[in-house]
1. Scan the range 88-107 for residues that are assigned to a strand (DSSP E or B) and among the polar types (S, T, N, Q) and report the count.
2. Find the residue count for the range 291-344, including only residues that are over 24 Å from residue 125 (Cα atoms), crowded, with 17+ Cβ neighbours inside 10 Å and over 17 Å from the mean Cα position of the chain (by Cα).
3. For the range 108-126, what are the residues that are assigned to a loop (DSSP other than H, G, I, E, B), among the aliphatic types (A, V, I, L, M) and within 19 Å of residue 68 (Cα to Cα)?
4. Scan the range 28-72 for residues that are buried (at least 16 other Cβ atoms within 10 Å of the Cβ), in a helix (DSSP H, G or I) and among the hydrophobic types (A, V, I, L, M, F, W, C) and report the count.
5. Say we look at the range 8-20 and pick out the residues that are touching a Ser or Thr at 6+ places or on another chain (Cβ under 8 Å) and either free of Cβ contacts under 8 Å to residues at least 12 places away in the same chain or closer than 11 Å to residue 42 by Cα (or both); which of these is surrounded by the fewest Cβ atoms within 10 Å (Cβ to Cβ)?
6. Answer yes if at least one residue in the range 267-290 is crowded, with 24+ Cβ neighbours inside 10 Å, modelled with pLDDT of 95 or more, in contact with a helix residue (DSSP H, G or I) (Cβ under 8 Å, 6 or more places away or on another chain) and not in a loop (DSSP other than H, G, I, E, B), and no otherwise.
7. Yes or no: the range 96-103 includes at least one residue that is in the same structural domain as residue 251 (by TED's automatic domain parsing) and out of contact with any helix residue (DSSP H, G or I) (no Cβ under 8 Å at 6 or more places or on another chain).
8. Does the range 216-233 hold any residues that are of a type outside the set (Ser, Thr, Tyr), touching a residue at least 40 places away in the same chain (Cβ under 8 Å) and not in a helix (DSSP H, G or I), and which are they?
Amino acid sequence: MQIGCPREIKPQEFRVGLTPNAAREAVAHGHAVLVETGAGLGAGFDDDAYIAAGARIAASADEIFAEAELVVKVKEPLAQERRRLREGQVLFTYLNLAPDPDQTCELIDSGVTAIAYETVTDDRGGLPLLAPMSEVAGRLAPQLGAWALQKANGGRGVLMGGVPGVGPAEVLVIGGGVVGTHAARIAAGMGAHVTVLDRSLLRLRQLDETFGAAFSTRYSSEGTLAELLERADMVVGAVLIPGATAPKLVRRADLARMKPGAVLVDVAIDQGGCFETSHPTTHEDPVFSVDGIQHYCVANMPGAVPRSATLALGNATMPFLLALADKGWRQACADDPHLRAGLNVHAGHLTCYAVGLAQGIDVLSPHLALKA
């Protein structure tokens, strides 16, 4: 199979969809690999590294999209990339379709088969291709929030760990999943007083048993959220519903009870954000203020550490990439129900129920899509 990897064109996105190691594995499996020139530079991989792995270097993205049977990326295709997709081609990347009806419609119209990293599952109920980026984003969130808390950046001027005689920052993490757990660990390690909110008592027990007194846990309710928002210097939004639009847990009216200069870090922004006042920002211009509250809402947070993020993502995607290339997407999805859960669009049809519910679009069963 011809596997193609274009350079990412989303602003300040420095990751790359295919590492030289993954290219080497694909070539060893008998596949041809085509990488756009300069695609890996942001993550520290030059063209020579791909050539040494057995890949060819393409002069442009046009060449990649024209020749590749399987296109591998990191972020969702932007409009100019979507225009290059075609019927019969397979796209393997993060899509985050639920809050993006324009992308959904254009992928459907293109006839492409699109498999989304974020809805591939595993036998433990996890999301193995989302998890590594959730780990990275969770660990970044307190670090970036601490930067936004600095007075020169519009924040309250609070030090995460405090100093002797001065208390630490109060950090609220909404959601105890992968992002929330990693955010809480790092914030606590920075010396902050951290509270994690979740509606799963089982998850709260797991966190308590694993981390003990490192941070506090509370059951999430309207009253508890309101209480903790009043105390918080930083709030990390870490709530995920797989494939669906993130729920709006903090409303604009809630900002009035927060401390002026407090920071909201919305890690769920790729799925529409879990704060009502959120909108996507970039690494170049990451923060905006609403009613005196700082919002950090960069839609590709792991892109800030592209070397680490690319290697982590490549480790997770490689087995699925090889299955798609070795077997073809139909057989690979037929053999693996977890990969089949990643099928979001096929041949003019939406095949992800969560996206269909969010956008009011009819959905073709993935089982039927395998036969279409």
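The values are calculated or read from the model by the stated rules, or taken from the named source; none is laboratory data. This one's a predicted model, so the numbers in the text were calculated from it and none came from an experiment. For neighbour counting, all protein chains shown are included, and Cβ atoms are generated from backbone atoms with ideal geometry for every residue, glycine included.
1. 1
2. So the answer is 4.
3. 112
4. Of the residues in that region, 5 qualify.
5. 12
6. There is no residue in the range 267-290 that is crowded, with 24+ Cβ neighbours inside 10 Å, modelled with pLDDT of 95 or more, in contact with a helix residue (DSSP H, G or I) (Cβ under 8 Å, 6 or more places away or on another chain) and not in a loop (DSSP other than H, G, I, E, B).
7. No.
8. Residues satisfying the conditions are 232, 233.
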